[in-house]
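Worksheet: one structure, shown below.
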Amino acid sequence: MYELKKSQVEALRVRAGTNGIMTELLVDEGQCVTVGTALARTTQPWKLKAELKIAETQAKDIAIGQDAQIDMRNGIIPGKVARIDPSVINGTRTVDVCLIDALPPGAVPDLSVDGTIVLENLSDVVFVERPVFGQPNTTITLFKIDPDSKGASRVPVKLGRGSVTTIEVLEGLKVGDRVILSDMSAWDGRDRLRLN
């Protein structure tokens, strides 16, 4: 009986499964818990990853191994996509990015970061900021501003691949053209506008 009680007391001593720093205690002292209950959270601040929440519509082109850049507010760290969560939660998928370079000072667990995942690198491309109704691989009409900035004419524009903020122009515009990207549906019946 003594050995049994001694082993039960020894079983009450909790040790983390990995080396690290305890960042959160999830139970109160003296609280009764069942087997398997999480007691605390530990982290390894020298071995962090970035978790990016990507809109489910944008996540379809992401693949493991793609390059990424993580903006930690005091430096941009390169990384690689290591895991893509198969489930969608609240319209987003979680993408884990392993960080390649040394972490900048101030990098701590649960720090808010921004990330960019490089899906494809295009060269010699004409592009514009993404219009309100501009979807990839469609043809839309935009108002192109005249060189004298006194008017604008409606022109058809064929769009190609798009990112979150920009979209490729395949036909209809050339380098240096200025267009109106905001919602111009109020002037759907007009082919020309005068600008003030």
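The values are calculated or read from the model by the stated rules, or taken from the named source; none is laboratory data. Predicted model only: the values in this text are computed from it and were never measured. Ideal geometry is used to build each Cβ from the backbone, glycine not excepted, and the neighbour counts take in all protein chains shown.
For the range 70-93, the set of residues classified as closer than 12 Å to Lys49 by Cα and not charged (D, E, K, R) consists of Ile70, Met72, Ile77, Pro78, Gly79, Val81, Ala82, listed by residue number. For the range 10-28, filtering for residues that are farther than 30 Å from Ala107 by Cα and either modelled with pLDDT of 85 or more or not hydrophobic (A, V, I, L, M, F, W, C) (or both) leaves 2. Taking into account only those residues within the range 148-182 that are over 25 Å from Ile54 (Cα atoms) and loosely packed, with under 10 Cβ neighbours inside 10 Å, which is modelled with the lowest pLDDT? The residue in question is Ser149.
Filtered by the rule that a residue be free of Cβ contacts under 8 Å to residues at least 40 places away in the same chain and not hydrophobic (A, V, I, L, M, F, W, C), the range 82-99 gives Arg83, Asp85, Pro86, Ser87, Asn90, Gly91, Thr92. Of the strands (runs of 3 or more DSSP E) contained entirely in the range 5-119, those carrying at least 3 residues that are over 21 Å from the mean Cα position of the chain (by Cα) and over 30 Å from Val164 (Cα atoms) fall at 21-25, 40-43. Put simply, of Arg194, Arg190, Arg178, Arg130 the only residue that is closer than 27 Å to Ile64 by Cα, in contact (Cβ under 8 Å) with a residue 12 or more places away in the chain and of a type in the set (D, E, K, R) is Arg130.
Does the range 34-49 include one or more residues that are among the basic types (Lys, Arg) and farther than 24 Å from Val95 by Cα? No, the conditions are met nowhere in the range 34-49. Quick check: is even one residue across the range 172-195 closer than 21 Å to Val81 by Cβ, of a type outside the set (A, V, I, L, M) and in a strand (DSSP E or B)? Checked the range 172-195: no residue is closer than 21 Å to Val81 by Cβ, of a type outside the set (A, V, I, L, M) and in a strand (DSSP E or B).
Here Ile70 fits the description: out of contact with any Phe, Trp or Tyr (no Cβ under 6 Å at 6 or more places or on another chain), modelled with pLDDT of 85 or more, of a type in the set (Val, Ile, Thr) and surrounded by 13 or more Cβ atoms within 10 Å (Cβ to Cβ).
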